[in-house]
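Quick notes on the structure that follows.
Just so you know, all these numbers are worked out from the coordinates, no wet-lab data involved. It should be emphasised that the depicted structure is a prediction, and the values quoted were computed from it without experimental measurement. Note that we place each Cβ from the backbone using ideal geometry, even for glycine, and neighbour counts take in every protein chain shown.
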Amino acid sequence: MDDNIINEVLTTTRHIALVGASEKPTRASHYVMAYLLGQGYKVTPVSPKLAGQTLLGQRVYAKLEEIPEPVDMVDVFRNSEAAWGVAQEAIAIGAKSLWLQQGVINEQAAVLAADAGLKVVMDRCPMIEIPRLGLGR
């Protein structure tokens, strides 16, 4: 993965939709969301199970298409198989990038998103990449 692409995604992104958000503090999606909020990003959690609730002070939506404002990056905390459908949804809402978390590897979803013009980062975590690239806010 090219550091220039990761750097570009992280520095141009303002609004992140976090798919697979969890209310459990021990889950990676929870503490990564808290980290991203602390870095100054707007983070909208997406979880059908938690829809309508508030997570870390943010309203939770069931689907990407329900988020009322534009999303720059879709950050995927779902299994690799689910990444295909999330990629389709990310394209449909006009997201600029698709970020598949560590362990989420789906080459077909990456190609689909890239062919639609999205920047794609796969098998990485922004909570690791931000300090590694010296991008902390």
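Just to verify a number: FRET efficiency for Met1 and Ala34, C-beta to C-beta distance, R0 = 22 Å, to 0.05?
Computed FRET efficiency for Met1 and Ala34: 0.35.
Sort out for me the Cα centre separation of the stretch 111-137 from the stretch 10-77, rounded to whole Å.
15
Pick out, from Met127, Thr13, Leu112, the residue whose Cα sits farthest towards the positive end of the charge dipole of the chain, with +1 on the Cβ of Lys and Arg and -1 on the Cβ of Asp and Glu.
Met127
Helix-only mean residue ellipticity at 222 nm, the chain, DSSP H runs n ≥ 4 weighted -39,500 (n - 2.57), per residue, nearest 500. What is it?
-10000 deg cm²/dmol
Could you give log10 I(q)/I(0) at q = 0.18, 0.21, 0.28 Å⁻¹ for the stretch 78-137, computed by the Debye formula over C-alpha point scatterers of equal weight, without solvent?
These q points yield log10 I(q)/I(0) values of -0.60, -0.76, -1.08.
Using a 7 Å offset from Cα along Cα-Cβ at Glu107, what residues in the stretch 1-30 end up with backbone N under 16 Å from the label point?
Inside the label zone: 1.
Given Cα positions, please report Rg to Rh for the stretch 19-89, the hydrodynamic radius being the Kirkwood one.
0.92
Counting only other residues whose beta carbon sits under 15 Å from that of Ala87, what net charge do I get with K and R as +1, D and E as -1?
-3
What does the charge count near Trp99 come to, summing +1 for each Lys or Arg and -1 for each Asp or Glu among other residues with Cβ under 13 Å from its Cβ?
It works out to a net charge of -1.
Go ahead and set up a Gaussian network model of the chain, Cα springs under 10 Å, then flag whichever of Thr12, Thr44, Thr26 fluctuates most.
Thr26
Using the basic label-point model (7 angstrom from Cα toward the beta carbon), what is the Ala116 to Glu8 distance in nanometres?
Label at Ala116, label at Glu8, 1.9 nm between them.
Give the Rg/Rh ratio for the chain, taking Rg as the radius of gyration of the Cα atoms and Rh as the Kirkwood radius, to two decimals.
Ratio of gyration radius to Kirkwood radius: 0.92.
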